[in-house]
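Inspection log for the structure reproduced underneath, given as structure tokens.
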Amino acid sequence: MDTPRDPRNPAGDPLLDPRLARFAERSAAHRNATQNTTRTGTTRTLGAPPPPPPPGQRASRAPAPTARTARPRRHHAAQGSRALALGLSIGSTLGLTGWMYAAQAADQASTTSTTSSDSGTATAATTAETTNDATTADTVASETAVDTQSTTDDASDTSGESTAETTTAETTTAETTTSTTGLADGTYTGDTFTNRWGDVQVEITVEGGVIVDVAALQVPDGDHKSVEINDQAVPYLESEALAAQSADIDTVSGATYTSEGYRQSLQTAIDDARAAATAS
Amino acid sequence: MSTLDRGTARRPRHHVEHVMGMAVSIDVRSAVTVDAIADVVGWLHHVDATFSTHKPNSPVSRFGLGEIGLDDLDAEVLGVLALCEELHQDTRGAFDALSVPAPNGSRFDPSGVVKGWAIERCVHILEAHGATDLCVNAGGDVAIRGESDPGQPWRVGIRHPALPQSLATVLSVRGPVGVATSGTYERGAHIIDPTTGEPTAGLASVTIVGPDITYADAYATSVFVMGLEGLTWLHDTHPDHAALVITHDDRTIATRNLSTYR
């Protein structure tokens with residue numbers, strides 16, 4: 001016998017409802033937050049930068065605190081993950097191979113609940129931060145990648161593995177989380193390392209259990225142009241611009257151009273030529 | 001399309017449709033009937049009517065403005081919203097349809113994924129008509145199947161961010177593949193970093209190559225927002241995608257696997 005088809009979900013995607021639920025939650029949070037800002041209804045002309053956000057706008061992505069118990073003010077979760085990513089980037093690009101939390105942080109038991117009020121951004125940060133022992137930046141990065149990879153794998157598999165549903169279910173029941181890193185609030189200083197450009201020391205700041213800032217205390221001088229992003233990124237050898245006419249191309253990939261931009265674009269010439277070739 | 005073309009003549013076809021605010025080039029090298037092109041054009045206009053944030057009465061606009069709710073949206077739109085959420089989690093917030101100010105005055109704009117998603121479905125339509133060798137280019141996002149000519153890959157030029165009539169490089173690809181490029185040189189600072197609310201400007205251009213233009217398109221915007229760290233993210237989370245990044249100081253950096261597309 002056939003299971004009745006849900007017209008909202010004809011493909012039977014088991015991830016649809018949790019994702020829609022999460023989307024609805026974030027959408028409502030945005031709507032509540034923007035009611036008090038002046039950006040609503042602003043229209044932008046092409047090329048004109050949007051007005052700067054009014055003070056407090058950065059908090060708009062966090063749900064309005066209602067019944068939550070008072071907790072230390074925390075920066076926007078994405079700031080933390082962005083700062084962490086920046087810190088990891090500084091670490092990897094400057095040859096930093098390890099940095100240690102202060103001793104009392106290392107002894108803290110990390111909590112196993114992992115979620116925060118914002119989905120993907122804090123997921124990455126907390127995945128890295130729930131590591132209990134002192135770890136190298138590379139290990140942290142690889143754990144972040146591994147966890148993100150498994151999340152991605154589950155998310156893209158529509159067979160409905162329970163891990164994926166658990167992940168999304170966790171993110172929708174957020175906001176009762178206490179500490180997400182196991183680190184006490186404060187500032188932690190890493191060891192000083194010497195790389196090809198000089199000495200580097202990294203300092204992290206933790207607020208509300210989340211890394212909210214990563215600072216390089218000593219920034220080496222040197223030629224940063226030769227940095228490789230990681231082992232898998234390489235300088236691209238073709239640094240000179242190619243003339244389109246001699247390149248014999250079939251199509252052009254570029255930043256989205258409007259219909260007006262299209263008329264001056266390389267793609268127009270290609271299309272004209274192809275149209276002539278296929279005309280009956 | 002030729003007005004004299006009726007019936008079932010099968011031949012390679014080429015058509016440019018201006019829709020969704022951009023030009024969509026449809027280049028079918030396989031022999032197909034005119035219906036194949038007509039169906040793609042119809043689909044594109046349906047997408048425009050449903051998802052355009054420039055049209056205040058589209059379902060997406062009305063939803064963004066709070067005039068209708070999730071329960072009023074049909075399965076197709078719900079699928080795109082779920083895709084937005086999947087991408088938001090996958091890109092750790094770099095892709096966020098809810099942090100982008102939309103032309104309709106709301107803060108919901110899924111256009112960053114709708115374009116690629118719509119193009120991929122154009123390809124499905126053409127494949128349903130029997131096409132195996134084709135290239136659809138919508139405003140710079142390219143979806144490809146098969147070969148351009150027998151034994152020949154498709155040659156995809158990547159526009160140079162600083163020189164509009166020149167190319168940064170040329171990629172040689174065989175389908176199924178999608179090539180998407182993100183940059184601000186065409187429409188100014190329109191890519192908003194969701195974590196700051198400000199336009200991003202760290203990179204001049206990001207090109208992503210992958211099996212599905214839906215995701216290549218979203219990843220291009222996301223890596224653009226992330227900056228150079230995005231290369232690490234892409235390599236770690238989507239090793240089946242390749243990236244080419246051009247910085248404002250003219251450095252060009254690629255993931256190693258881009259060499260499969262040279």
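Quick notes on this one:
- Proximal charge balance of B:VAL32 [Cβ under 9 Å; K/R count +1, D/E count -1]: +2
- Rolling a 1.4 Å probe over the protein heavy atoms leaves B:HIS235 with an accessible area of roughly 70 Å².
- HN-Hα J in Hz across segment B:77-85 - Karplus 6.51, -1.76, 1.60, θ = phi - 60°, x for Gly and Pro: 5, 4, x, 5, 4, 5, 5, 4, 5
- Per residue Cα convex hull volume in Å³ - calculated over segment B:40-184: 136 Å³
- For B:ILE68, the amide hydrogen comes within under 5 Å of the amide hydrogens of B:PHE63, counting only partners 5 or more places away or on other chains and with H modelled in the peptide plane.
- Taking chain B and dividing mean pair separation by its residue count, relative contact order in percent (alpha carbons under 8 Å, at least six apart): 15 percent
- Sequence of B:ILE246, B:ILE125 from largest to smallest accessible area, 1.4 Å probe: B:ILE125, B:ILE246
- Inter-label distance, A:ARG263 to B:ARG155: 2.9 nm, where each label sits 7 Å from its Cα along the C-beta direction.
- Were the residues from B:HIS248 through B:LEU70 laid out at 0.36 nm apart, the gain over their Cα-Cα distance would be 60.0 nm.
- Our estimate of slack between A:ARG5 and A:ASP185, defined as 0.36 nm per intervening residue step minus the Cα-Cα distance, is 59.7 nm.
- In sequence order, calculated HN-Hα J values of segment B:24-34 (Karplus, 6.51, -1.76, 1.60; Hz; x Gly/Pro): 10, 9, 10, 10, 9, 8, 6, 7, 9, 7, 5
- Debye, to nearest 20: dipole size of segment B:1-94, +1 on Lys, Arg Cβ, -1 on Asp, Glu Cβ: 580 debye
- Anisotropy class of segment B:1-124 from Cα gyration tensor, a/c 1.5 cut: prolate
- For B:VAL19, the residues whose amide H sits under 5 Å from its own are B:VAL24, ignoring neighbours fewer than 5 places away on the same chain, with H placed 1.01 Å from N.
- Among B:HIS45, B:HIS14, the order of accessible area from largest down is B:HIS45, B:HIS14, computed with a 1.4 Å probe on protein heavy atoms.
- Tensor-based shape of chain B (alpha-carbon gyration tensor, a/c under 1.5 rounded, otherwise prolate or oblate): oblate
- Mean ellipticity per residue at 222 nm, deg cm²/dmol - from DSSP H runs of n ≥ 4 across chain B, formula -39500 (n - 2.57): -10000 deg cm²/dmol
- Residue order by solvent-accessible surface for B:SER205, B:SER111 is B:SER111, B:SER205, largest first, with ligands and nucleic acids left out and a 1.4 Å probe.
- Whole-number D in µm²/s for segment B:193-262 (Stokes-Einstein; Kirkwood sum over Cα pairs; 10 °C, 1.306 mPa s): 131 µm²/s
The values are calculated or read from the model by the stated rules, or taken from the named source; none is laboratory data. Just so you know, these numbers come straight off a predicted model, no measurement behind them. Positions of Cβ are generated from backbone atoms using ideal geometry, with glycine treated the same way; all protein chains shown enter the neighbour counts. Just so you know, the surface numbers come from the protein's heavy atoms only, side chains and all, with ligands and any DNA or RNA stripped out. Shrake-Rupley method; radii C 1.70, N 1.55, O 1.52, S 1.80 Å.
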